[in-house]
Amino acid sequence: MTTAPAHTSPQAAMRLRELVFGAACAAAVRAAARLGVADALGESPTTVTELAAALDTEPRQLRRLLRALTCYGIFAESGDDRFEHTEMSRLLREDAPNSLRYISLWCTEPWTWEAWPKLDEAVRSGRNVFPELFGKEFFDYLHSEGGDSAKVFDKAMTTSSRQSAQDFADYLDLTGVDSVVDIGGGQGHVLASLLEKHPALHGTLLDLPKVVAGADPRLQDGGAFSARARLVPGDCRVDIPVRADLYIIKNILEWDDESTRRTLANVVKAARPGARVVVVENLVDNSPSMRFTTAMDLLLMLNVGGAKHSEASMVRLMEEAGLMVTEVCPVNPYLHAFEATVRG
């Protein structure tokens with residue numbers, strides 16, 4: 001049995017105090033996003049009284065909210081009871097090119113506040129706690145009883161996908177590639193970005209029927225890329241009835257390992273030997289965004305029983321499926337691409 005040191009530095013104690021009040025910070029960000037503070041604040045410093053009038057809030061309470069957020073670099077106080085934007089606060093604007101407003105709302109939805117206190121139970125049992133809390137599996141609950149949460153989820157995933165799609169399109173070298181399939185690609189933002197950048201490329205979007213039905217209009221009949229795009233409804237865990245030069249699997253291998261194995265095996269079954277496979281994932285190691293990705297990993301543990309991958313765990317599952325991983329490359333601070341080919 002180890003004994004704790006008799007002396008603890010004031011800095012360590014203060015930091016831990018701040019961390020255990022992390023819920024207050026998350027709640028403050030959520031409140032600012034819901035109130036629309038960032039949208040109401042213009043390009044010049046604005047008084048709390050003026051902001052409160054625009055937002056229909058109590059000035060004193062708004063001042064307290066803003067002061068708390070400035071401690072984290074979200075808004076800044078410029079004197080004379082005025083506040084102004086910072087780089088982070090601008091990301092809460094709905095019209096910001098890289099807006100994180102809906103991600104901020106999604107990660108702080110009402111159900112999350114009920115699930116987080118059960119984290120010790122999930123760690124002890126190895127099971128997701130969502131069905132015990134709400135009587136249904138997560139996505140069943142979200143789309144039947146989640147109310148606005150489902151809309152927030154859709155908007156958060158759409159904005160996140162659009163933002164990362166361009167980064168991925170810029171990263172990807174398509175030399176020698178004539179056809180590509182985006183597996184579980186949602187609305188097809190990645191595929192649309194690739195077709196836009198490469199006029200000779202042909203692509204297929206494979207996802208569940210209700211997801212494909214809401215695909216990016218550019219991919220649908222009459223859309224800008226419809227002549228080079230194919231929409232295939234299906235479940236990649238069951239079958240991947242598409243042959244292509246390149247298979248893309250982006251941010252979907254977060255289920256249990258068995259579902260991941262089935263999906264990767266289906267890719268190998270569908271592809272010709274030597275076909276290229278690129279798996280794109282957030283990692284819980286070797287990443288500048290580990291605080292974010294490890295937090296998301298814990299949330300997946302709670303709500304769906306899934307997990308984010310380490311580099312080693314992703315490589316292991318890919319190689320078990322019959323893929324030869326050649327390199328792992330950063331796409332942006334949040335995503336890594338696992339480059340692989342189908343073994344002969």
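The values are calculated or read from the model by the stated rules, or taken from the named source; none is laboratory data. The structure presented is a predicted model; accordingly, all values stated were derived computationally and were not measured. Neighbour counts are summed over all protein chains in view; Cβ atoms, including those assigned to glycine, are modelled from backbone coordinates with ideal geometry. In case anyone asks, the SASA skips ligands and DNA or RNA and just uses the protein heavy atoms, side chains included. Shrake-Rupley method; radii C 1.70, N 1.55, O 1.52, S 1.80 Å.
Can you confirm whether Asp140 is acidic (Asp, Glu), under 23 Å from Val304 (Cα atoms) and surrounded by fewer than 13 Cβ atoms within 10 Å (Cβ to Cβ)?
Working: acidic (Asp, Glu): yes; under 23 Å from Val304 (Cα atoms): yes; surrounded by fewer than 13 Cβ atoms within 10 Å (Cβ to Cβ): no.
Taking the combined requirement at face value, the residue does not satisfy it.
Just checking, how many residues over segment 100-117 are in contact with a Phe, Trp or Tyr (Cβ under 9 Å, 6 or more places away or on another chain) and farther than 30 Å from Gln163 by Cα?
Summing the residues that are in contact with a Phe, Trp or Tyr (Cβ under 9 Å, 6 or more places away or on another chain) and farther than 30 Å from Gln163 by Cα in segment 100-117 gives 0.
Listed residues Ser104, Ser99; which is in contact (Cβ under 8 Å) with a residue 60 or more places away in the chain, within 22 Å of Leu302 (Cβ to Cβ), small (Gly, Ala, Ser) and surrounded by 16 or more Cβ atoms within 10 Å (Cβ to Cβ)?
Ser104
When you scan segment 115-131, how many residues do you find that are at pLDDT 95 or above and open to solvent by 60 Å² or more (accessible area, probe 1.4 Å)?
Of the residues in that region, 7 qualify.
So, in segment 245-268, exactly how many residues are out of contact with any Gly (no Cβ under 9 Å at 6 or more places or on another chain), charged (D, E, K, R) and in contact (Cβ under 8 Å) with a residue 24 or more places away in the chain?
3
Residues to consider are Thr46, Thr112; find the one that is without any contact (Cβ under 8 Å) to a residue 60 or more places away in the chain, open to solvent by less than 60 Å² (accessible area, probe 1.4 Å) and out of contact with any His (no Cβ under 7 Å at 6 or more places or on another chain).
Thr46
If I filter segment 166-180 down to residues being in a loop (DSSP other than H, G, I, E, B) and not acidic (Asp, Glu), which single residue comes out as most open to solvent (accessible area, probe 1.4 Å)?
The first filter runs over segment 166-180 and keeps only residues in a loop (DSSP other than H, G, I, E, B), leaving 172-178.
Still in the running and not acidic (Asp, Glu): 172, 174-177.
On the way: Leu172: 9, Leu174: 18, Thr175: 113, Gly176: 71, Val177: 21 Å².
In this case the residue turns out to be Thr175.
If we keep just the residues of segment 77-96 that are hydrophobic (A, V, I, L, M, F, W, C) and open to solvent by less than 30 Å² (accessible area, probe 1.4 Å), which is modelled with the lowest pLDDT?
Ala96
May I ask you to list the residues in segment 297-344 that are open to solvent by 20 Å² or more (accessible area, probe 1.4 Å), within 27 Å of Leu119 (Cα to Cα) and in contact (Cβ under 8 Å) with a residue 60 or more places away in the chain?
Leu298, Met301, Val304, Gly305, Tyr334, listed by residue number.
For segment 188-282, please list each of the helices (runs of 4 or more DSSP H) lying entirely inside it that holds at least 2 residues being surrounded by fewer than 21 Cβ atoms within 10 Å (Cβ to Cβ) and modelled with pLDDT under 95.
Once the helices (runs of 4 or more DSSP H) in segment 188-282 are filtered for at least 2 residues that are surrounded by fewer than 21 Cβ atoms within 10 Å (Cβ to Cβ) and modelled with pLDDT under 95, what remains is 209-212, 257-270.
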